[in-house]
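This report concerns only the one structure given below.
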Amino acid sequence: MVLKTEDRTINPTPDLSTPLASPEAQESVLKIWGQQSLSGHVSVNGAKNAALPILAGALLCSGECLLHNIPALVDVRRMGEVLAALGVQVKCGPHSVMVNARDLNESHAPYELVSQLRASFFVIGPILARLGVARVPLPGGCAIGARPVDLHVRGLQKMGAEVHIDHGIVHAQVRGRNRRLKGANIYLDYPSVGATETLLMAATLAEGETTIGNAAQEPEVVDLANFCRSMGARIYGAGTNTITIVGVSQLHSTEYAIIPDRVEAGTLLIAGAITRSAIQISPVMPEHLTAVIAKLREMGVQVTPEGDRGLRVAPGYDLQATDVETLPYPGFPTDMQAPMMALLTLAKGDSVITETVFENRMRHVAELNRLGADIRAKGNHAIVRGVPFLSGAPVLATDLRASAALVLAGLAAEGVTTIRGLYHLDRGYAHLDQKLQNLGARIQRTTIPADPTVAIEEPAPLPSVPA
Ligand code: UD1
């Protein structure tokens, strides 16, 4: 599997306790010469947010799971490392991964790995379901908000697990003769994607029936449920707000292909819209993009179905302002908020963006303003006043989707945009720069001397996933 190795975390605020980058340190950046027209076809990878829980879900099976359409991302590789650390065999090929958890024997997920990837907390459900005991560190804080795991924990407790948190580690165990979780009626206070996925996985091997009320309805939850069903799990209602799982004693080997990434697809649609270009993208499941396509059309962008599982985006009328509020699926996805904001900076009129899912997901505002946008943000609201053009500047990506927003703005800006903090982009977008280059964008990954005024924290080197 081709994976990027330029992993570095860049702290936007200098920390005096961290050594500053030495003058000779180099840093990877993206340079974009904007205002090029794009054309042609671009393909969409498998969904990161489906691949990660599905890789964790493979722990439920005591045989081999062969997974296809796995995106080549740093986050996916990290999840592979977590599984390998649990005694599980992981083999990676181009776009596929084989996981054999027959020998799952380790109930303790290592802090160094879990702290680098919030989604690796998902392993708690499968480990607990298989071994009756699990010790998983709390995932670290994140740039987009506190992101607690209370809903995961409360649901597992409802299923009979004893859970306590000690020194930052969640200890969970099931007492009793067979150490199996028990089916339960669980109601989530909020339709959390992660909590729904953790509890769904845990319930597949529990004794009896579990219902998850106010469950998340995201397509990635449905994909995880379909994957579990392909291993023999009995799951009903995934994709609605009530999921019922009837526990079975064992799950069997499977081969499964992951859905296309709706966030990458949405980002590419905006790449076409913001450069006023006509491009085709596939594979996509247009029904997963209903809210995004509706907003693009409202803005005057033409989006039309093309062939089997394809979409064509083309310039329609002048871009018009519109309001956007992020919501759980099927509402407008929070992961598309920053890319959409980049597009709205060039629309005619004022747009109001309201972020309701995460409490700190507006950090891209300052960077977009550096490119000439006119955005005022207060709390979880941003007022975007459309400007006639953006102009290239050096900017810093602050989180994954913010990095995509800066790439999009850079494509439209006149002059050169240099984006630092690429570590974030590589977590969630595989080869985005090459894809855009193939469409005709002038975009280049290069290295520059690291800014000596900004502390650069090199993450621990990743041990290699067994090939
Ligand atoms: C997943 C996605 C992420 C997406 C998000 C919302 C993955 C790997 N990541 O993240 O890209 O932006 O869904 O669509 O799939 N919350 C609690 N307690 C909990 C769990 C969550 O209060 O126990 C809160 C969070 O702080 C947040 C909100 O619920 O404010 C939504 O979080 P959640 O749906 O769980 O998102 P993730 O699963 O972390």
For this session: Grab every C-alpha pair in the chain, bin the distances at 10 angstrom width from 0 up to the longest one, and report whole percents.
Result: 4, 21, 30, 26, 15, 4, 0
Problem set entry | region 244-333 - charge dipole about Cα centre, Lys and Arg +1 at Cβ, Asp and Glu -1, debye rounded to 20 | 120 debye
For this session: If a/c stays under 1.5 just call it rounded; otherwise compare a/b with b/c (prolate if a/b is bigger, oblate if not). Do that for region 43-86, with a ≥ b ≥ c from the square roots of the Cα gyration tensor eigenvalues.
Result: oblate
For this session: Report, in deg cm²/dmol and to the nearest 500, the calculated mean residue ellipticity at 222 nm for the chain, where each DSSP H run with n ≥ 4 adds -39500 (n - 2.57) and the sum is divided by the residue count.
Result: -8000 deg cm²/dmol
Exercise. Using 20 Å as the cut-off for backbone N distance, which residues of region 412-454 belong to the label zone defined by a point 7 Å from the Cα of SER37 along Cα→Cβ?
Worked result: 412-415, 436-443
Exercise. Quick one: with all protein chains in place, what share of the accessible area of the chain is carbon or sulfur, to the nearest percent (1.4 Å probe)?
Worked result: 51 percent
For this session: Would you work out which of ILE274, PHE358, GLN337 lies farthest towards the positive end of the dipole of region 252-362? Charges go on Cβ: Lys and Arg +1, Asp and Glu -1.
Result: ILE274
Exercise. Tell me, what is the percent relative contact order of region 48-257, built from C-alpha pairs under 8 Å that lie six or more residues apart?
Worked result: 21 percent
For this session: Can you work out the accessible area per residue across region 48-257, with the rest of the protein chains kept in place, probe 1.4 Å, in square angstrom?
Result: 35 Å²
Seminar exercise, completed: Computed for region 85-139: size of charge dipole around the Cα centre, +1 on C-beta of each Lys and Arg, -1 on C-beta of each Asp and Glu, debye to nearest 20, value 120 debye
Seminar exercise, completed: Classified through the alpha carbon gyration tensor (a ≥ b ≥ c as square roots of its eigenvalues; rounded if a/c is under 1.5, else prolate when a/b is larger than b/c, else oblate), region 48-257 comes out rounded
Problem set entry | Furthest towards positive pole of dipole, ALA84, VAL174, VAL193, structure part region 48-257, Cβ charges | VAL174
For this session: Just check region 270-353 against the gyration tensor rule for me: Cα atoms, a ≥ b ≥ c as the square roots of the eigenvalues, rounded for a/c under 1.5, and otherwise prolate or oblate depending on whether a/b exceeds b/c.
Result: oblate
Seminar exercise, completed: Answer in debye to the nearest 20: the dipole magnitude of the chain about its Cα centre, from +1 Lys/Arg and -1 Asp/Glu charges placed on Cβ, is 500 debye
Problem set entry | Pairwise FRET efficiency - MET98 versus THR304, Cβ, R0 = 30 Å, nearest 0.05 | 0.20
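The values are calculated or read from the model by the stated rules, or taken from the named source; none is laboratory data. As the structure is a computational prediction, the values presented were derived from the model and not from experiment. As a convention, Cβ positions derive from the backbone with ideal geometry for all residues, glycine included, and neighbour counts pool all protein chains shown. Accessible surface areas use protein heavy atoms only, side chains included; no ligands, DNA or RNA. Shrake-Rupley method; radii C 1.70, N 1.55, O 1.52, S 1.80 Å.
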